[in-house]
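**Student:** The structure that follows is given in the form of structure tokens.
What follows draws every value from the coordinates through simple rules; no lab data is involved. Here the structure is a predicted model, which is why all the values come from computation and not from measurement. Ideal geometry is used to build each Cβ from the backbone, glycine not excepted, and the neighbour counts take in all protein chains shown.
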Amino acid sequence: MRASQFFISTLKEAPSDAEIVSHKFMMRAGMIKRLGSGIYTYMPLGLRVIRKVENIIREEMNRAGAIELLMPVVQPAELWQETGRWQKYGPELLRVKDRHGRDFIIQPTSEEVVTDVARSEIKSYRQLPVNFYHFQTKFRDERRPRFGLMRGREFTMKDAYSFDRDAEGMRKSYQIMYDAYVRIFTRFGLQFRAVAADNGAIGGTGSHEFHVIAETGEDALVYCPHSDYAANMEAAEALAHPQARAVSTQAMEKVATPGKKTMEEVAVFFGLPLTKLVKFIAVMRKGETETAPDRFAIILLRGDHELNEVKTQKRLGEFRFASDDEIVTHTGCRPGYLGPVGLKDVDIFADHAVEAMSDFVCGANEAGYHLKGVNWERDVPLPKIITDFRNVVAGDPSPDGKGTLAIQRGIEVGHVFQLGDCYSASMKATYLDESGKPQLMQMGCYGIGVTRILGAAIEQNFDDKGIIWPTAIAPFEVVLCPMGYDRSAMVKEAADKLHADLQQAGVDVILDDRGERPGVMFADWELIGVPHRVVIGERGLKEGKLEYQGRRDTVATNVDSGEMVAFVRNQLAKQS
């Protein structure tokens, strides 16, 4: 490839709406162009990266036995109504009508369509297992699209869906896909971590997320440095406190605390750490029937801990946070001074860490007052239900007993789910077993955010000059930068020959024949992030030398002209 025959359009400054590193550099490097809120045109450089990402995924999916097809972007509402997701999915689901007034959606995912394919085409156990996958445009109507490709509305994903005869087969298919994902992300050249996760809106019985490690990541990843334990914050288990509750040493005392409403204010007032305070969280649990009223309840946490809403929903069912008026109705006190002592006819739940507390501080259920020296069983009964309601923190014991937990940031780019029969049951996707009886197919679902990979890779690999692509997904592996290509016959001849020789050797190389000044040329390719650069100049050629420099290298290496092809291939092999 020659730069003069390609399209390169770099900017010195990022647009004002570009917020994070990947968004800024992709806009400046001319890889994407904003069309509308959360909607981008993928320019030639960006599309080359996307195609390389897709090719790696396709090779590994095929290697794992999956079969490629292509399902439509526009899907009829009837399928989503069968599974109930037409109502449940919420405003992110873009609903449209055709000219006849029929309802359709612009798909964010394809579980319904692929299940419809399976129930129509799979009749016998002999046709199972099978795994279908595709690359397709998705649309999710994000309330606040931001961060470029990281949280856009239109994007590209690879979806795969496995169908098996039973749960054991589903687990085998799941493991095959999990292993394929490990190979895929390894081949991308990215530092990543697979973590146990919650299934969320997709449904099912078990899942893992794949995250690219980056300090700018939105997600907190919990892991044990001394074992294989890893989970996202939503799914990470906080164990019961390992030590028995300390014996009380104080009498309970009511103390005036005028204007001290927050945990931090109360802790400073008493001169105590947050670990000695109990946090009161009021919620309304959804009624057991459609007509039943919501039920008031409280959850108690240690003052330094945060509520995990996913865990809470699993333990209490669907819930929302109570309003101030609802809190007053059920406790007789406004927020800021609430506690468990003396409450009657209220469901009280507590986190494990709260059970281990003694001589703690909590609200007195009277405006302007708190209680100190409070102890379980002496001053207030232990809540009947004590379980894990909180986010873990660094230093908590690992659930596998092999050390303590650490936390790092990550960007979710892949997710694998064990769906079971949550779609096949609602859509009646069955097959006939050996005895001729209909059985529900057991499903798995496996996604990779293809376009999101670009943003995540940049967030992990950049410097102040620009992007540093891993070789496997770089728009070009090597760039040739000739000094005075349009002025020196010697340089032009050497550059053209090296370009041809590298192409012959199977290297994805671009020759910058634009005649730009060296500073401009170097700045462009450092911004674009091509990982390997060869500089060709008259002075070096007279000495039989060319100059190689990797994108992360601080100094260049002189290489004999006749050895450069072999040298470059060796550098590429090191990173494959």
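**Student:** Excluding same-chain residues fewer than 8 positions from residue 497, which lysines have a Cα within less than 20 Å of its Cα?
**Tutor:** 542, 545
**Student:** Taking amide H positions as placed in the peptide plane 1.01 Å from N, state which residues far from residue 424 in sequence (5 or more) or on other chains have amide H under 5 Å from it.
**Tutor:** Long-range HN contacts for residue 424: none found.
**Student:** As I understand it, the value is the acute angle between the Cα axis of helix 564-574 and the longest principal axis of the Cα atoms of the chain; what does it come to in degrees, rounded to 10?
**Tutor:** It is inclined by approximately 20 degrees.
**Student:** On to the next question. For Cα pairs less than 8 Å apart in space and 6+ apart in sequence, what is the mean separation divided by the residue count of the chain, i.e. the relative contact order in percent?
**Tutor:** Once divided by the residue count of the chain, the mean separation gives 17 percent.
**Student:** For the chain, what is the calculated [θ] at 222 nm in deg cm²/dmol (nearest 500), taking -39500 (n - 2.57) for each run of four or more DSSP H residues and dividing by its residue count?
**Tutor:** Numbers: 15 runs with 154 residues, N = 576.
About -8000 deg cm²/dmol.
**Student:** Which of 11, 149 comes first, and how do the rest follow, when ranked by fewest Cβ neighbours within 10 Å? List each step's numbers first, then the result.
**Tutor:** On the way: 11 12, 149 27.
Taking fewest neighbouring Cβ atoms as first place, the list is 11, 149.
**Student:** Here's something else I'd like to know. Once the Cα atoms of helix 44-63 and of the chain are each reduced to a long axis, what angle between those two axes, in degrees from 0 to 90 to the nearest 10, is obtained?
**Tutor:** In the chain, helix 44-63 runs at an angle near 70 degrees to the longest axis.
**Student:** Give me Rg/Rg_expected for region 1-152, where Rg uses Cα atoms only and Rg_expected = 2.2 N^0.38 Å with N residues. Before the final figure, lay out each step's value.
**Tutor:** Values: Rg = 19.4 Å, N = 152, 2.2 N^0.38 = 14.8 Å.
In units of the 2.2 N^0.38 Å rule of thumb, it is 1.31.
**Student:** Then there is this: Can you pull the three principal axis extents for the Cα set of the chain, in Å, largest first?
**Tutor:** 93, 68, 50
**Student:** Could you work out the mean projected area of the convex hull around the alpha carbons of region 208-319, in square nanometres to one decimal?
**Tutor:** On the way: hull surface 48.7 nm².
Convex hull of Cα atoms, orientation-averaged projection: 12.2 nm².
**Student:** Can you compute 3J(HN,Hα) from phi for each residue in region 360-365, using the Karplus curve 6.51 cos²θ - 1.76 cosθ + 1.60 with θ = phi - 60°, rounded to whole Hz and x for Gly and Pro?
**Tutor:** 9, 10, 8, x, 9, 6
**Student:** I would also like to ask the following. Quick one: which residues, 5 or more positions from residue 2 or on another chain, have an amide H under 5 Å from its amide H? H modelled 1.01 Å from N in the peptide plane, none for Pro or chain starts.
**Tutor:** Counting only residues 5 or more places away or on other chains, the set is 511.
**Student:** How much of the DSSP bridge set in the chain is antiparallel, in percent, rounded to the nearest 5? Each step should come with its number before you reach the end.
**Tutor:** Values: 91 of 113 bridges.
Within the chain, antiparallel bridges account for around 80 percent of the total.
**Student:** Helix 450-460 versus the longest principal axis of the chain: what is the Cα-based angle in degrees, 0 to 90, to the nearest 10?
**Tutor:** Value to nearest ten degrees: 90.
**Student:** Further question on the same structure: Express as a percent, rounded to the nearest 5, the fraction of DSSP beta bridges in region 476-574 (both residues included) that run antiparallel.
**Tutor:** In region 476-574, approximately 50 percent of DSSP beta bridges are antiparallel ones.
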